[in-house]
Every structure is written in C-alpha cells, then in structure tokens.
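These notes are about the structure you will find just below.
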Amino acid sequence: MDRVSMGIAAFLAVVAAFATAAYAQKDKAQEGIEAYREALQDGNPAELYEATGEELWKKPAGPKNATLEACDLGLGAGVVKGAYARLPRYFADTDKVQDLESRLLTCMSTLQGIDTKPYVEAAFGTPPKEDMNALAAFVSGQSKDIPAAVTPTHPKEQAMYELGKRMFFYQGGPYDFACATCHGQEGMRIRMQELPYISSNKGAAAGWTSWPAYRVSSGQMWSMQWRLNDCFRQQRFPEPVYASDATVALSMYMAANALGATMKTPGIKR
Amino acid sequence: MKHVALLAAFLLIAGPAAAQSTGKPAPWGPGADDAAFAQMLKASFKDKGIAKLDRLNQDETQAFCSDPGTASGPASAARREKIEAANLATVKWPSDGKWLGDWREGEKIAQSGRGNTWSDKADQPNGGNCYNCHQITAEEISHGTIGPSLLGYGKMRGQGEDVLKATWAKIYNAKSSNACSNMPRAGHMGILGEAQIKHLMALLLDPQSSVNK
C-alpha cells in the first residue's frame, strides 16, 4: 500500500468510527423511546373513554330523548362493528362525504334533535365537545384489528380524495408550511418525533390507524379531528372549523392511502 | 372574506397560466379544481387569536410550491430561478455592516420553537425553530432531520464574505437559493429580527460556538 492509499484508508477508518459513534448514540435514544412506547401498550386508558362513549351511544338524550343506536355510520342503522375502518365515505341522506365525527353530528341532530353548534364551537376536551372524543374512542374501538377499507368510488368520494391531496400540499402562513413540509418525505423527524410519510401506504397507515389515541403526556383522549386541529396550529394556519370539509378531505386522503392496514384504534401516544 | 375572494381570483388566474407554462394539466383530479378548492378553504377555516384567515392567501412562491410535481419538474427550471431571484431581492443585509452577534443567544433562539401559532401572543419574541429540523451542536441530541446537519458549519466554511452573505441570505429568505425549500423565510416573513439573525449567524460561524468546537 502506498502512502496515499494508506492515508485514504486511515481517513476512511476515522470517518467510519465517527459515523458509527453518532449512529450508536442516536440509536440508543431512539431505542429508549421505542421501549417506552411499547411499555405504554400494556394498559391503555383509552378503554375508559371507550366505556364512556358506549354509555353516550346507548343513553337517551336530546329533545327527542333518543339514543344513537339507530345511527347509520355507513354499514346500516345501528351497525358499529367495522364502521370506522370504512370511514370517511359518502352518505346519500346528507349527500356529503363524512368522517366519523361529522357523521356523529348528523346523527345527534337527526335522531336526538340536538343543536350541534355548541359541539362544533367548543374547545377540544371541554363540554360538550369532550363527548365527541369518547364517542370516537368507542366507535373506533369497534374497528380494532379490522383492515382499513376506504376506497373512493363515488364521484364525491373521489373528489374528496383529490381535495385532500391538494390540501396536503397547500402552503400558506408565515412559515410557508404545508402538511407535506413535515409529512412529505420518508424517515424524517421533528426533534425526536418520527413523522409518518402520509403519501405512502406505510406512512398513512402509521398515522391513520393509530388515531383516535390517548396521549400520555397530556392525559387526554384525542380524536382525529383534534389531531388535525393541532397540526394546523403548529402549521401556523388559522383554525380549521370542526368537521369541516378540509379536515374530512385530509382524512379521506390518509384513510385511502392506508388501505389494507390493520386498525389499532384507539391508540396510545407518548 | 375579501382575502378568500382574492385567493379564488388568484387561483383562477394562476391555475391555467401554470398549466400553460409547463404544458401539463393541473395534477388535481376531478372535483378538486381551483373553484372547488377555493370554496372548500373558504368554508373550512376561521380566525383564531393572531392566526387570521389572510394566512391562507398565498404569495407566488407558496402557490408555485403547492404543486410539487410541477414545481420540481425540468419544465419549471426557469420559473424556479425567477422565484429564487425574487426572494433574494427581499433580503435586507445587516444595517450596520456587522454580521455576527452572540452565539450563546443564537443557541437559545435555535432551541425555541415558539411563536406565530394561534395560541401565541403577538408581543412575545419568536424562536427560530432550528433544532426542530437540524442537528446543530453535538450536545443536543433531540434534533430533527428534515434539514441537513449544521455541525461544524463554520469550521468547514470559514468567514469569507461569500460565506457570510450566503448564510445570511439562507436564514433571511431560504427560498432565495432553493425555490421550494422546506425552511421558513425567517427575515422576509418577520419571524426573526435583525439582531436575532446575527445571533444565529454567530452560532453557525463563530469559532467559539459549540457548533464549531
């Protein structure tokens, strides 16, 4: 070996050592977080919200003193099992594509005669909107271990998917952020938080199948609407209206991209 | 609602023009044309705190980069250069000719992700959000990966005038050198002031900074 190639070999060895050290350090931190996440799976407080949601589902309420048990979530009146895995979808009675939470508002209004405006306008986690988190926990829990099966076929579903895709890439605000800024590439992180790449099947599955979720850090149950709301806050956008079309469109984009992935709802997060 | 009407008008004008310049139809499928999309935006958002609806109004850069398929294509090369030049023209250079502030202050700004959300107050200083996306010092292992590592940034580059200018321009307006960079335009959008940018410059370029140790 001549002096030049020895020099190169030595240089490469040093580079490799540095790279390995940096990798090992990162790996250790990441491993710790993953172990923590795994430990959390043992007892998910979301179960308590599921129980509350089931009570709300079966309890007569509103001016009509009716329960939600006749609510059609897409699989026929009263069918909850597997319904969440097929939402959002088109509903003929409203002539709209609806996600779980906008559909629940429809049922509360039509079956129970409830004025849903206070539910739309209240802050997340406060009455009466907190009921929506419990209901979402209950309904999504009835699709646990079932494959996500949203395939846009109705023209309005296809339009909603396209609108969702366009919304995903729409930049605005003082930081020029779009959903795609953080969720448009494979394997990225904000600080230590891994970001799902929502345009891929794997990434969409990681996001879509794990919400609604109980968040350990805040001790709160978050529905998908709440999750999206806080994404837009951090995106420095104005606030999305609860159950508005932009939020349903993004859910349609995620759900359809997650096709075939197993629902793990309700999930648990750090 | 005036801004939404403006947005709709902008989309209607910009849509066909963009399609013409690339010779490609808009990438959005049926039902997501400019009119439908503008209508959805209008119905789906509301003012909250300091985050007003006018934040949905796009400037030319944002509109161009919201269609990444077209924006990144070879047919858009000239348009990208034009957008970069327009962004470079917004850069205000240091008013007193001094480029570097205090790297310790820069570290604090890099650590802070505060500011400009609807839960923030307008009168509080904004953070730089730098660690959210960049590795910067070896000590801070909680860093994001959307941006490149900045470890040893100044050590590798020195403090020549070209380096000072390029670094300042990148922080002030990241789109001046990469039309659709994921990085916010900290100076141009009023996220950070001149003194704060100087502190970040020092964090990156001061030989005493933990970036370069």
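Taking the average, over residues, of other Cβ atoms within 10 Å as the packing measure, peptides A:66-73, A:236-243 rank A:236-243, A:66-73 from highest down. Which Cα, out of B:Ile191, B:Trp168, B:Asn116, lies furthest along the positive dipole direction of region B:103-205 (beta carbon charges, K/R +1, D/E -1)? Toward the positive end, the furthest listed residue is B:Trp168. Computed from point charges on the beta carbon alone (+1 for Lys and Arg, -1 for Asp and Glu), the dipole magnitude for chain A about its Cα centre is near 380 Debye. Simple point charges give the picture: +1 on the Cβ of Lys and Arg, -1 on the Cβ of Asp and Glu, and for chain B a dipole about the Cα centre of about 140 debye. Across peptide B:133-140, the mean count of Cβ atoms from other chains lying within 10 Å of each residue's own Cβ comes to 1. Only Lys, Arg, Asp and Glu carry charge here, each on its Cβ (+1 for the first two, -1 for the last two); on that basis the protein assembly as shown has a dipole of about 540 debye about its Cα centre. Scalar couplings 3J(HN,Hα) for region B:153-168, obtained by applying the Karplus form with A = 6.51, B = -1.76, C = 1.60 to θ = phi - 60°, are 3, x, 4, 6, 10, x, 10, x, 4, 5, 5, 4, 5, 5, 5, 4 Hz; x denotes Gly and Pro.
Within 15 Å, Cβ to Cβ, of B:Gly152, how many net charges do the neighbouring residues add up to if Lys/Arg are +1 and Asp/Glu are -1? Once positives and negatives cancel, what remains is 0.
For the pair region B:117-147 and region A:234-270, the centres of their Cα atoms are 25 angstrom apart. Compactness check for region B:105-213: Cα Rg over 2.2 N^0.38 Å is 1.02.
Only DSSP H runs of four or more residues enter the estimate; each adds -39500 (n - 2.57), and after division by the residues of chain A the mean residue ellipticity at 222 nm equals -15500 deg cm²/dmol. Other residues with beta-carbon under 12 Å from the beta-carbon of B:Ala195 carry, at +1 per Lys or Arg and -1 per Asp or Glu, a net charge of -2. Its alpha carbons considered, chain B gives a radius of gyration followed by a Dmax of 19.3, 57 Å. Isolated cysteines of chain A, defined as having no other cysteine beta carbon under 4.7 Å away, are A:Cys179, A:Cys182, A:Cys231.
Look at the stretch B:175-184: the mean tally of other chain Cβ atoms within 10 Å of its residues' Cβ atoms is 3.
Stokes-Einstein diffusion for region A:175-215 at 37 °C, viscosity 0.692 mPa s, with a Kirkwood radius from C-alpha pairs, works out to 304 µm²/s.
Ranked by the mean number of other Cβ atoms within 10 Å per residue, highest first, peptides A:189-199, A:99-109 order as A:99-109, A:189-199. When you work out D = kT/(6 pi eta Rh) for region B:63-143 at 25 °C and 0.890 mPa s, using the Kirkwood radius from C-alpha pairs as Rh and the Stokes-Einstein form, the result is 151 µm²/s. Sorting the segments B:128-136, B:173-181, B:79-87 by their mean number of nearby beta carbons within 10 angstrom, highest to lowest, gives B:128-136, B:173-181, B:79-87. Candidate cross-link partners of A:Lys58 among the lysines, defined by an alpha-carbon separation under 16 Å and a same-chain spacing of 8 or more, comprise A:Lys81. Among residues other than A:Asp93 with Cβ under 11 Å from its Cβ, the summed charge is 0 (Lys and Arg +1, Asp and Glu -1).
Computed from the alpha carbon atoms alone, the convex hull of the protein assembly as shown holds 176 Å³ per residue. Within chain B, the cysteines lacking any other cysteine Cβ closer than 4.7 Å to their own Cβ are B:Cys130, B:Cys133.
Peptide A:181-192 is shielded by partner chain Cβ atoms: per residue, an average of 5 of them sit within 10 Å of its Cβ.
Computed over the Cα atoms of chain A, what is the ratio Rg over Rh, Rh following Kirkwood? The Rg/Rh ratio comes out at 1.09. To the nearest 10 degrees, how steeply does helix B:34-44 sit against the main Cα axis of chain B, on a 0 to 90 scale? Around 70 degrees separate the two axes. Computed from the alpha carbon atoms alone, the convex hull of region A:144-270 holds 105 Å³ per residue.
The numbers here are math on the coordinates, done by the rules we state, and not lab data. Given the structure is predicted, the values throughout are model-derived calculations rather than measurements. Here Cβ is always computed from backbone atoms with ideal geometry, including for glycine, and neighbour counts include all displayed protein chains.
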